[in-house]
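As structure tokens, the structure follows; a few thoughts come after it.
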Amino acid sequence: MSLGLILGPRLLRAAGHHSEPMFTNTGVVAGSSHGNHFARIVLHEILQAAHTSPPQRDISAFVDDVRQRGESEHRRNDQWVPDFCLDVLALGDRFTAVGFEISSKTVLVASSPAIGQRIARVLLSRAAAWHLPSDWKPQQARAKDLGVEAAAGRRRCARLLAARRGKAQARSKRAAWLHKASKKGAQLYRAGAQPQAQYGTQCWGIAPRPLAKLRAAAVRAAGFDRKGQCMTTAASIAFGPADPSIALRVDQIIEWVRLWVREPQLRERMCRAWAVALARLTHRDQETFEQQRQRRWHRVRGVTCATIANLLDIGWKPLGAARWKDIRGNAWIMTEACDTKELAGDLRADAAGRLWRKSAREAWGGQGLLEGPDLSVYRRHHKHLLSKNLLVEAGMLDASVTGATWTQQRLHREGRRNCEVSVLRLSRGEHAAQIVELPCYSSRGGRVAMVRPGLCTFAALA
């Protein structure tokens, strides 16, 4: 039945008219659950012959996207280039011999421009036999591989990721608009904008400034869109441990650990690359520590540099590719039996602690946020207000807990002297509610809130 769906005739229909039946014998049909499996079956014999014929090259395939990779142990060694060119031509001839078409989107990315030009000339000599256009230019500075740009380690390719984040932020704005009408609008962010924004960050990482913009868009989509709010508190309420500033950094580091455990034959090379990347990001004699922190991501080129930069941002010391030291001085050594869950838990805790300490220094009324807040009282009262359909009061509670209240003292400090609003009052029947500014200390060092008819104030936990 699946083969009949793929090989059956197709018709184009428009305005009540139908085209002549068309038969296809190439390509993967969109919507077919077995189309990918059939494509792998067809490619298996060709790729098996390429893998078994000497010299063996690194060939990988994802459905109909095939990648062939060649390299040498030393940078100046180019003796492998002629054999690699022969292998590329042989693989292309195998595809065309059985009726496959080589796409004009085929590109060549090389770490050395000279080597890339040599291989490109060989490919151009076979372009006519492969039915490629005359203006085809195989050599490119970067290529897109499964939605992620690659440049053979020469530079950091974040243009595609930045464009994808921009589209995700636009979708987050639409989710924020829908959230004002229905609380279920936040689900649109988790289902659409969040996967779109986070795709590919495990490879290249994400710099602090784009990460802050992505986090702000996520918080707004969750319904927290108030001026002057504590972004860390709002993200903790909306996402908990899945705060983008925490989750994206930790996920990228854990991917490095999984690569280390899964590919033991690459560990020696990973150690050499780690030493070079660590020196590139940290050993700057003429720069202060603050200058190194600000310019760190300008020097990130690949997954190794991104892992080191994320560890430094969290506060860990990347002593080596398989040995790290956390904030408390505990040493982590990567082995085949490494517990990634425990490692991810400590990374999340230290990343969250760094964010809370920053909020305690910078957020309005955040003196008690050094160890993070206890939001149990807030969640209980917020759920109670929503169950009574007191949406305005629940919004006032959110504003007070996230530090989005504007008193005369805060207005004066921010230089907004023309604004006379210092207390927000709401009348509902015989009851009234108002927000007042009171100290936000608790026994656990966090900001919590309690709402009662007549007054919204901060309560200390026993």
Points 7 angstrom from Cα along the Cβ direction at A331 and L11: gap in nanometres? 7.4
Pairwise FRET efficiency - A322 versus K144, Cβ, R0 = 30 Å, nearest 0.05: 0.45
Distance in nm between H298 and R262 label points, each 7 Å along Cα→Cβ, equals 3.4
Counting only residues 5 or more apart in sequence or on a different chain, those whose built amide H sits under 5 Å from that of D145 are A150
Using 0.36 nm per residue, how much length does the chain from A129 to H18 gain when fully extended, once their Cα-Cα distance is taken away? 36.4 nm
Got a sec? Which residues in segment 99-132 would a label at D64 touch, if it sits 7 Å along Cα→Cβ and we count backbone N under 18 Å? 99-107, 130-132
Report the label-to-label distance for K227 and A181 in nanometres (one decimal), using points 7 Å from each Cα along the Cα→Cβ vector. 2.7
Candidate cut points under trypsin sites (Lys or Arg not before Pro) in segment 212-276, DSSP loop plus at most 10 other Cβ atoms within 10 Å of their own Cβ, are K227
Which of the lysines could a cross-linker span from K105 if the Cα-Cα distance has to be under 23 Å and same-chain partners fewer than 8 positions apart are dropped? K137, K144
For all pairs of alpha-carbon atoms in segment 35-140, what percent lies in each bin of width 10 Å, listed from the first bin to the last filled one? 13, 46, 34, 7, 0
If you average 1/r over every pair of different alpha-carbon atoms in segment 313-387 and take one over that average, what Kirkwood value in Å do you get? 14.9
Give me the compactness ratio for segment 249-362, meaning the Cα radius of gyration over 2.2 N^0.38 Å. 1.07
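Read-outs throughout are calculated quantities, based only on the coordinates presented, and are distinct from any laboratory measurement. Remember, predicted model here, so these are calculated numbers, not experimental data. A quick note on method: Cβ atoms are made from the backbone with ideal geometry, for glycine too, and the neighbour counts reach across all protein chains shown.
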